[in-house]
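Beneath this line is the structure, given in structure tokens, with notes to follow.
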């Protein structure tokens with residue numbers, strides 16, 4: 001059974017030009033990974049899952065392929081590509097531009113907003129999910145140069161990845177773990193209501209085609225699970241002595257009063273002999289997280305298990321959850337509790353966390369009714385596979401006239417990946433790291449056709465490109481930071497993903 005039915009669809013086509021057509025089937029023999037394996041290869045694709053609080057499976061997972069279009073930004077040039085052809089071209093002229101010519105935008109997100117504004121989405125009860133289609137992808141850390149031109153671009157661009165990459169996803173599968181069902185969604189684009197019936201039939205035909213792919217046997221071999229794989233051998237883009245010197249230099253800036261904190265990082269890399277899907281399967285078993293994602297794009301892939309939301313906006317309600325303060329998990333429950341007690345009693349960790357909570361309040365206060373901004377949870381502990389973190393939750397209500405795009409501009413990048421004051425900290429990051437960060441430190445997520453936004457901070461994430469894998473990790477440096485300890489913290493944070501590489505390479509299937 002398809003929803004809406006024919007007559008209702010024709011009526012809905014009078015209200016807008018994008019109507020979701022759905023069909024729901026039982027999925028007790030399928031998993032998001034098996035479905036993704038059957039669908040991948042049909043253009044660029046994505047898989048998004050969640051383990052809430054690091055311990056409980058999220059209700060919904062999203063699988064998609066064959067996007068309607070792609071929005072890609074490199075430097076100040078943006079292309080909207082459909083069926084291999086450039087549909088629109090934009091040039092970024094910067095946030096300070098007083099006026100815009102045709103095909104000029106102030107920042108990359110304006111191109112995403114312009115593209116989604118073409119669609120007048122008509123929601124239905126059967127498609128009432130957080131995400132039922134829209135722009136899904138990532139903003140790299142270098143998006144900051146669009147909105148804060150005072151931050152200098154680093155001298156080098158080693159990874160040469162796009163600043164921004166979004167898929168316009170108009171067809172996807174939604175897994176519901178509670179009802180054990182899959183809802184197939186195909187958003188029918190109706191340019192002319194007179195052609196509504198044809199578009200409805202095309203959508204139903206595409207749903208049946210996707211379901212026929214799910215009926216195929218899953219092509220995989222059982223993978224040997226290594227309970228404690230050794231991390232893959234890796235090399236850093238930075239000599240250890242230079243990293244230690246960077247920490248010392250940051251402390252001098254703090255003493256001079258330039259900054260309170262800065263988040264420095266280093267990037268690890270290693271050859272890879274596994275597919276992106278295998279790395280994702282390994283990462284989700286080793287480090288289940290609130291934001292688990294696989295984006296297989298034309299030139300590279302992203303595999304992530306991020307613990308930290310960047311920002312979420314649903315029905316104007318805004319949520320942000322700063323994470324700062326880390327300890328390794330204990331080998332026993334008693335040791336685990338001792339690590340928790342030590343973390344919560346650490347004055348450095350507490351001071352850093354409170355500072356970032358204040359920064360989060362100020363960031364969302366720029367676009368929310370300030371009286372609505374409040375701290376819901378303060379300094380609670382969340383546990384993950386290898387580490388535990390101090391977490392707080394800050395909420396607010398989006399001000400009249402403000403959009404989810406404005407929310408990203410106000411909060412990007414997260415204070416936990418830059419520092420405070422944010423602008424000066426980012427200037428120092430450019431000086432110290434001397435190369436672009438790429439996706440690391442930006443955000444991964446979606447802007448839905450229905451107006452929702454949900455994205456995570458791009459940490460605990462691997463970039464896979466040209467048979468090589470890159471994992472970047474950092475930490476917040478303050479006045480009493482110990483350089484050697486800060487170095488070890490970055491290594492520990494990268495370990496889960498580096499272990500996933502080792503596990504993926506042990507799988508019998510490539």
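Throughout, read-outs are computed from the coordinates displayed, never taken from laboratory work. Just so it is clear, the model here is predicted, and its values are computed rather than measured. Note: ideal-geometry Cβ built from the backbone for every residue, glycine included; neighbour counts use all protein chains shown.
Using Cα-Cα distances under 8 Å and only pairs 6 or more residues apart, what relative contact order does the chain have, in percent? Write out the running numbers ahead of the final one.
Numbers: 1153 pairs, mean separation 111.8, N = 510.
In percent, rounded to a whole number, it is 22.
Between the helical axis of 347-365 and the longest alpha-carbon principal axis of the chain there is an angle of about 40 degrees. The relative contact order of region 67-196 comes to 27 percent, based on Cα pairs under 8 Å that sit 6 or more residues apart.
Packing around the peptides 68-75, 373-380, 201-208, 93-100, taken as the average count of other Cβ atoms within 10 Å per residue, puts them in this order, highest first: 68-75, 201-208, 373-380, 93-100. Region 403-510 gives an Rg/Rh value of 1.02, both radii derived from C-alpha positions and Rh following Kirkwood. Size check on region 35-177: the Cα extents along the three principal axes, sorted descending, read 48, 35, 27 Å.
What is region 351-510's relative contact order, in percent, from Cα pairs under 8 angstrom and six or more apart in sequence? If you can, show how the numbers build up before the last one.
Numbers: 174 pairs, mean separation 24.4, N = 160.
With pairs under 8 Å counted, the relative contact order is 15 percent.
Taking only alpha carbon atoms, region 120-164 gives an Rg to Rh ratio of 1.24, where Rh is the Kirkwood radius. Taking the C-alpha atoms only, the angle from helix 333-345 to the longest principal axis of the chain is near 70 degrees. Sorting the segments 116-127, 337-348, 282-293, 438-449 by their mean number of nearby beta carbons within 10 angstrom, highest to lowest, gives 438-449, 282-293, 116-127, 337-348.
Taking each residue as 0.36 nm, the span from residue 345 to residue 374 lengthens on full extension beyond its C-alpha to C-alpha distance by 8.0 nm.
Report Rg(Cα)/(2.2 N^0.38 Å) for region 208-324, keeping two decimals. Can you show the working numbers first?
On the way: Rg = 20.5 Å, N = 117, 2.2 N^0.38 = 13.4 Å.
Rounded to two decimals, the normalised Rg is 1.53.
Projecting label points 7 angstrom from Cα along Cα→Cβ for residue 213 and residue 248 puts them 5.5 nm apart. Here's the picture: a label point sits 7 Å out from the Cα of residue 332 along the beta-carbon direction, and within region 370-410 the residues with their amide nitrogen under 20 Å of it are 386-388. By the count of other C-beta atoms within 10 Å, a proxy for reagent exposure, 497, 164 are ordered fewest to most as 164, 497.
Short to long, the 5 Å bins of the Cα pair-distance histogram for region 289-380 hold 2, 11, 16, 16, 17, 14, 12, 8, 3, 0 percent of all pairs. The calculated P(r) of region 267-342, using every Cα pair and 5 Å bins from 0, goes 3, 11, 14, 17, 18, 15, 13, 7, 2, 0 in percent.
Computed packing ranks the peptides 142-154, 455-467 as 455-467, 142-154, most packed first, by mean other Cβ atoms within 10 Å. Kirkwood's formula applied to the C-alpha pairs of the chain gives a hydrodynamic radius of 23.6 angstrom. Once Rg and the Kirkwood radius are both taken over the C-alpha atoms of region 131-273, their ratio Rg/Rh works out to 1.13.
In plain terms, the residue of 107, 11, 480 with the fewest other Cβ atoms within 10 Å comes first and the most crowded comes last, giving 480, 11, 107. The fraction of all Cα pairs in region 392-448 landing in successive 10 Å bins from 0 to the largest distance is 18, 46, 28, 8, given as whole percents. Axis of helix 422-433 versus longest Cα principal axis of the chain: the two differ by about 80°, to the nearest ten degrees.
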